[in-house]
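The values are calculated or read from the model by the stated rules, or taken from the named source; none is laboratory data. This is a predicted model, so every value here is computed, not measured. Because the Cβ atoms are built from the backbone with ideal geometry, glycine has one as well, and the counts that use them run over all protein chains shown. These area figures cover heavy atoms from the full protein model, side chains too; ligands, DNA and RNA do not enter into them. Shrake-Rupley method; radii C 1.70, N 1.55, O 1.52, S 1.80 Å.
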Amino acid sequence: MSLHKEPHPDLPPPMTSVGVIGWLRKNLFSSAPNTVLTLIVAYLIYISAVPLVQWALIDADWVGDSRDACTGGGACWVFVSVRFDQFMYGFYPESEYWRVNLAFGLLVALMVPLFLERFQRKGWLSAFILFIYPFIAYTLFYGGSLGLKEVETSLWGGLMLTLVLSGVGIVASLPIGIVLALGRRSSMPIVKAASVVFIEFWRGVPLITVLFMASVMLPLFLPEGTHFDKLLRAMIGIVLFQSAYMAEVVRGGLQAIPKGQYEAANALGLSYWKTMGLIILPQALKLVIPGIVNTFIALFKDTTLVLIIGLFDLLAMIQTAFTDPKWLGFSIEGYVFAALVFWVFCFGMSRYSQSLERKLHTGHAR
Amino acid sequence: MSEPDTSKPVMPTSDQPMIQIEGMHKWYGEFHVLKEINLTVSKGERIVVCGPSGSGKSTMIRCINRLEEHQRGKIIVEGTELTDDIKHIDQIRREVGMVFQHFNLFPHLTVLENCCLALIWVRKMPRREAEEIGMKYLERVKIPEQARKYPGQLSGGQQQRVAIARSLCMNPSIMLFDEPTSALDPEMIKEVLDTMIELAESGMTMICVTHEMGFAKTVANRVIFMDGGEIIEENDPEEFFSNPQHDRTKLFLSQIM
Ligand SMILES: Nc1ncnc2c1ncn2[C@@H]1O[C@H](COP(=O)(O)OP(=O)(O)O)[C@@H](O)[C@H]1O
Ligand SMILES: [Mg+2]
C-alpha cells in the first residue's frame, strides 16, 4: 500500500439535485406544506391569468378606426391606437412630430455607446449628453430658431411631457441631492443648517402642494406681467422636491463609508473636494444605487401629478380621451395602457440599476 | 519688509531633527488623552512605540500628520511647525507617509490606481509617469503581478504591502506605521515585517506602533513605552527588554512576552 492515495475524482452531483426535476423538488415540493402552497398558488394564478389573457389578447380587437370595430367582447385596443399620437405627443402640432422623434432618437443613439463594453470615451459622451444635449433637445422641442416653428410648452403633452419632466428631474436632482448631502455632513455650521432646513422643508410638504404653490402662488409674488413658463415652474418644483429625497439617500451612503477612507485620503494629502470626488462619493453612490433608482422611479411616476395644475402628461392625455363622447366607456383599456407604459420604463430602470451594481462590484465585500 | 513670512515653511537644515515634539498635550473633550509628550526623531531613526491598548499610541502618531489635532505644545516636522495653516499641513503630509492597521485601501480602485491616485491628483503627474512609479514600488513590495486586481481580491498581507507601496509612491521622508500587522493572520505577518525591515535598511525614518518585539529588537534604534497617555520609558532595544526601569514597563513586558 502506498501512502500517496490517488486524488478522489470529481463526481457529477446526484440527479435529484440538479436539472428541472431537482429544481422543482427543492423549490416547490420540498415538504408537505410547501407542496400545498405551491398547488394553491398555481390555482390562483390559473383562475386570474386565464380571463386576463382571454380579455387582453384572445378576445381583443386591434384594428379599426372607431368603436364599431370592437366586436370581440374583449379589450378594445382600437381606442388606444386611434388616440396613440395624442398619448405620445399631447397637443404638439402633428406636422412637427418629427422634431420630438428626432430629439428622443438622438438621445437613444447617444446612449447606446454608454452600454458598450469597448467604447472608451464614456466620460466625454456622458458630459455631452448632460450638458450639450439638453440645449439641442430644447431647441428641437421649443423651436423659434433655426427656422423651426415655435411650439409653446402648453402644447407639449403625453409621453413626451412625462419624459421631459422626469428626464430633467432625474438629471438635476442627483447633483443637487449630492451637494445637499455633503452640506448636511459639513463641519461648517451655516452650510449644515441651510442644508438641513432645505431638506426638511421639501421633505415635509406633499408634492401636490409644491406643484400648487409653483403654479398658483408663485405668480402672485412675481412682478405684474412677468411671464414665467408653467412647465418650467413645475419642473423646478419637482427638482427641488426630489433632490431633498435624493440628499437623504446619498447621505445614507456617505455614512456607510468607514472613517479610515477619509484618513487614508488625508494622509496622502488629498483635499476635501478631491477626497469626496475621488474616494468617498464613488463608493457611497455605488452603495446606494438601489435607493437612487428607487427615487428615480418614484419621480417618474410622480410626474403624473402635474395634471392637477393643467399640464397634460401621458396619464392626463389618456384621461382626457375618456371624455370623448365617441369613446365613452373605454377607461379600462386606457388605464391598462398607461400602466403598461409606466411599468416598461420603471422596470427598465430597475434592471439597469441591477446590471450597474453587478458591473461596479469589485471583489469581496469587507 | 522686516516681518517674517510665516506662511512659508522654513527649509530643513541637515542637523535638524526630522520630528520634534515638545510638551504636546491632547484632549478628547474632557478626556486628557496625551500628556506632556516630548520626542525628537533624527534622520534615519527607527522608533518602535509600544504600550497597552488605549494608552494613546495611535493618537500620538496621528497628531504628527494632523489626522488628530493637538491642543498644547509644538510639533515640528522637518522645520515646519504644525499649525492650523493648511499650507503647513499640506507640506507636512507631503513628507509623512502613513500605514494603518486596517490598510484603508480604496476598494473601488485597482491596486495600481490606489498607488497612482495621489501622484496624479496631488502631485499633478501625468498618468503614464505615475503608473511607472506605482509599478516601481509594487515591485519593491514584491506584488507587481497584482497591479490590475482590486484590493478585495488580495490577502491581508498583500493588501498591507500595497498600502506601504501607496505611501512610498509619494516619496515621503518619514513613515508612520500604526499596528500594521495586528489585523493580519499569523502566516502573513512575516511578509509585511520583511517589507518593513527592507525599508528600514534603506535608511527611512520610521515610527512604528507595534507589539512585534522581534521586529523591535532587530530594527529599532529606540523603543518607547507609553501608558495612560504618557511616555513612561524610552531606551535602546537591548536595555529596554533586558533591563526595564519602570514597574509598568515590566508588567507590560511580562504580559506580552
Ligand atoms: N475620537 C475619539 N474620541 C474620544 N476618545 C477617543 C477617540 N479616539 C480614541 N479615544 C480614546 O483615547 C484613548 C487612546 O486611544 P488610542 O490612541 O487609539 O490608543 P492605542 O492606540 O494606544 O490603543 C483611548 O482611551 C480611546 O478610547
Ligand atoms: Mg491604536
- Query: For A:Y272 and B:E238, FRET efficiency with R0 = 45 Å and r from the beta-carbon atoms, rounded to 0.05?
  - Reply: 0.45
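Rounded to the nearest 100 Å², what is the sum over both chains of accessible area buried where B meets A, with a probe of 1.4 Å? Mind showing how you got there, number by number?
Working: alone 12790 and 22490 Å², together 33330 Å².
Counting both chains, the buried surface is close to 1900 Å².
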- Applying the Karplus parametrisation 6.51 cos²θ - 1.76 cosθ + 1.60 with θ = phi - 60° to the phi angles of the range A:137-148, what ³J(HN,Hα) value in whole Hz is obtained for each residue in order, glycine and proline being reported as x? 4, 4, 4, 5, 5, 7, x, x, 8, 6, x, 8
- Task: State, to one decimal in nm, how far the label point of A:Q54 lies from the label point of B:K142, with both points 7 Å from Cα in the Cβ direction.
- Result: 7.6 nm
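With only alpha-carbon atoms in the gyration tensor, what are the semi-axes of the equivalent ellipsoid for the protein assembly as shown, in Å, largest first?
Numbers: eigenvalues 780, 241, 98 Å².
Over the Cα atoms of the protein assembly as shown, the semi-axes work out to 62, 35, 22 Å.
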- Task: Enumerate the lysines that A:K359 could reach by cross-link, defined here as Cα to Cα under 18 Å, with residues fewer than 8 away along the same chain left out.
- Result: A:K122, A:K286, B:K149
- Before rounding to the nearest 500, sum -39500 (n - 2.57) across all DSSP H runs of length at least 4 in chain B and divide by the residue total; then give [θ] at 222 nm in deg cm²/dmol. -11000 deg cm²/dmol
- In terms of the alpha carbon gyration tensor, root eigenvalues a ≥ b ≥ c, rounded if a/c is under 1.5 and otherwise prolate when a/b exceeds b/c or oblate, the range A:12-158 is oblate
- Message: Could you tell me what a quarter of the Cα convex hull surface of chain A works out to, in nm² with one decimal place?
- Response: 32.0 nm²
- For chain A, list the cysteines whose Cβ sits under 4.7 Å from no other cysteine Cβ? A:C346
- Item | Virtual spin-label span in nm between A:W343 and B:Q153, 7 Å along Cα→Cβ | 4.0 nm
- Query: If you take the beta carbon distance between A:A127 and A:L360 as r and set R0 to 25 Å, what does 1/(1 + (r/R0)^6) give as a FRET efficiency, to the nearest 0.05?
  - Reply: 0.80
- Rounded if a/c under 1.5, otherwise prolate or oblate - the range A:210-334, Cα gyration tensor axes: oblate
- Query: Say each of A:F135 and A:V336 gets a label point 7 Å from the Cα, pointing the same way as Cα to Cβ; how far apart are those two points in nm?
  - Reply: 4.7 nm
- Take the Cβ-Cβ distance between B:E30 and A:H227 as r, set R0 to 51 Å, and report the resulting FRET efficiency rounded to the nearest 0.05. 0.25
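Quick one: in the range B:109-227, what % of C-alpha pairs are over 26 Å apart? Working shown, then result.
On the way: 1440 of 7021 pairs.
Beyond 26 Å sits 21 percent of the P(r) for the range B:109-227.
Can you give the alpha-carbon Rg of the range A:149-274 over 2.2 N^0.38 Å, where N counts its residues?
Against the empirical 2.2 N^0.38 Å value, I get 1.34 for the range A:149-274.
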